[in-house]
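Asker: After the structure tokens below, expect a handful of questions from me.
The values are calculated or read from the model by the stated rules, or taken from the named source; none is laboratory data. Fair warning: this is a prediction, and the values are worked out from it, not measured in the lab. Note: ideal-geometry Cβ built from the backbone for every residue, glycine included; neighbour counts use all protein chains shown. Side chains included, ligands, DNA and RNA excluded: accessible areas come from the protein's heavy atoms. Shrake-Rupley method; radii C 1.70, N 1.55, O 1.52, S 1.80 Å.
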Amino acid sequence: TKLITTMNYLLFGGQPDSGKTSTVTRLTNELILPPFLFTVADGIFPPARGTDFLILLQRIFNGQNQCIIVNSPSDDAPAINNLRDFIVKHSDKNIDIVVSSVRDIGWERNHFFTTLKINPTDANVFEIPLARVTRRHTSGLFAPAMSWYENTVDRLVNFVITHPPFNL
């Protein structure tokens, strides 16, 4: 099965517990609300149990059908293989964007790029690096630091998705 590599990829990369899934979830919540108004065409969001999900979002915008695949897990081979299979399942549609988490280093990252047949330096692959907020909870500074981090990442993501190559 050959993957269509002309679609754009928006990836959130980082170590375990760096906020990849929560960032993908916040973006998905944004995409289903105005002004974007995507609907879930396949899969379940929010997830019925756990935090991970794999969905197809769809909308008609200016007479054009737009499709986005959103994947939160990329921590193991089955999750990465599920994403590949989901892309292939929907290969009859014009998938505009694949949004996914991806590990920062290691075999999981290599498996992700090999399985999807993409290169992290390709022009259609845009990766936003994420990191852990390391303020101690006991300092009283963790909550405001985390709030700043998430809000700043979300503003960056909103800018990225509304400009080329994503243009939502």
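Asker: Are there any trypsin sites (Lys or Arg not before Pro) in the stretch 1-109 that are in a DSSP loop and have at most 12 other Cβ atoms within 10 Å? List them by number.
Answerer: Of the trypsin sites (Lys or Arg not before Pro), the ones in loops of the stretch 1-109 whose Cβ has at most 12 other Cβ atoms within 10 Å are Lys2, Arg49.
Asker: For the stretch 64-75, just list the computed ³J(HN,Hα) in residue order, Karplus coefficients 6.51, -1.76 and 1.60, θ = phi - 60°, integers in Hz, with x standing in for Gly and Pro.
Answerer: My calculation for the stretch 64-75 gives 10, 7, 10, 10, 10, 9, 10, 10, 8, x, 8, 8 Hz in order.
Asker: Quote the relative contact order of the stretch 1-68 in percent (integer), defining contacts as alpha-carbon pairs under 8 Å separated by 6+ residues.
Answerer: Numbers: 53 pairs, mean separation 12.4, N = 68.
Computed over the stretch 1-68, the figure is 18 percent.
Asker: In percent, how large is the relative contact order of the stretch 19-168, given Cα pairs closer than 8 Å and 6 or more residues apart?
Answerer: On the way: 172 pairs, mean separation 28.3, N = 150.
Reported as a whole number, the value is 19 percent.
Asker: Among Ala143, Gln15, Pro47, whose Cα sits farthest toward the positive end of the charge dipole of the chain (+1 at Cβ of Lys/Arg, -1 at Cβ of Asp/Glu, about the Cα centre)?
Answerer: Ala143
Asker: Counting only protein heavy atoms and using a 1.4 Å probe, what share of the accessible area of the chain belongs to carbon plus sulfur, as a whole percent?
Answerer: With neighbouring chains kept in place, the figure for the chain is 55 percent.
Asker: Using Cα extents along the principal axes in Å as the read-out, say which of (1) 51, 43, 27; (2) 44, 37, 28; (3) 52, 38, 34 was calculated from these coordinates.
Answerer: Answer by label: (3).
Asker: Using DSSP to define loop residues, name the trypsin sites (Lys or Arg not before Pro) in the stretch 131-168 whose beta-carbon has at most 13 other beta-carbon atoms within 10 Å.
Answerer: Sites meeting the loop and neighbour criteria: Arg132, Arg136.
Asker: Once you have the Cα-Cα distance between Thr114 and Lys89, take 0.36 nm times their residue separation minus that, and quote the gain in nm to one decimal.
Answerer: 7.2 nm
Asker: Hey, with R₀ at 35 Å, roughly what FRET efficiency would His137 and His163 work out to, going by the Cβ-Cβ distance, to 0.05? Each step should come with its number before you reach the end.
Answerer: Numbers: r = 36 Å, r/R0 = 1.03.
Efficiency for this residue pair is about 0.45.
Asker: Can you work out the accessible area per residue across the chain, with the rest of the protein chains kept in place, probe 1.4 Å, in square angstrom?
Answerer: 54 Å²
Asker: Now a separate question. For Leu168, list long-range residues whose amide hydrogen, built 1.01 Å from N in the peptide plane, is under 5 Å from its own amide hydrogen.
Answerer: Correct list: Thr162, His163.
Asker: Each residue of the stretch 31-45 in order: what ³J(HN,Hα) in whole Hz does its phi give by Karplus 6.51 cos²θ - 1.76 cosθ + 1.60, θ = phi - 60°, with x for Gly and Pro?
Answerer: Per residue, the Karplus-derived 3J(HN,Hα) values read 5, 8, 9, x, x, 7, 6, 6, 10, 7, 9, 7, x, 10, 9 Hz.
Asker: Restricting to DSSP H runs of at least four residues, report the calculated mean residue ellipticity at 222 nm for the chain, -39500 (n - 2.57) per run over all residues, nearest 500 deg cm²/dmol.
Answerer: -10500 deg cm²/dmol
Asker: Under 19 Å Cα-Cα from Lys117, which aspartates and glutamates qualify once same-chain neighbours fewer than 8 residues away are excluded?
Answerer: Hits, sequence-local ones excluded: Asp75, Asp76, Asp85, Asp92, Asp96, Asp104, Glu108, Glu127.
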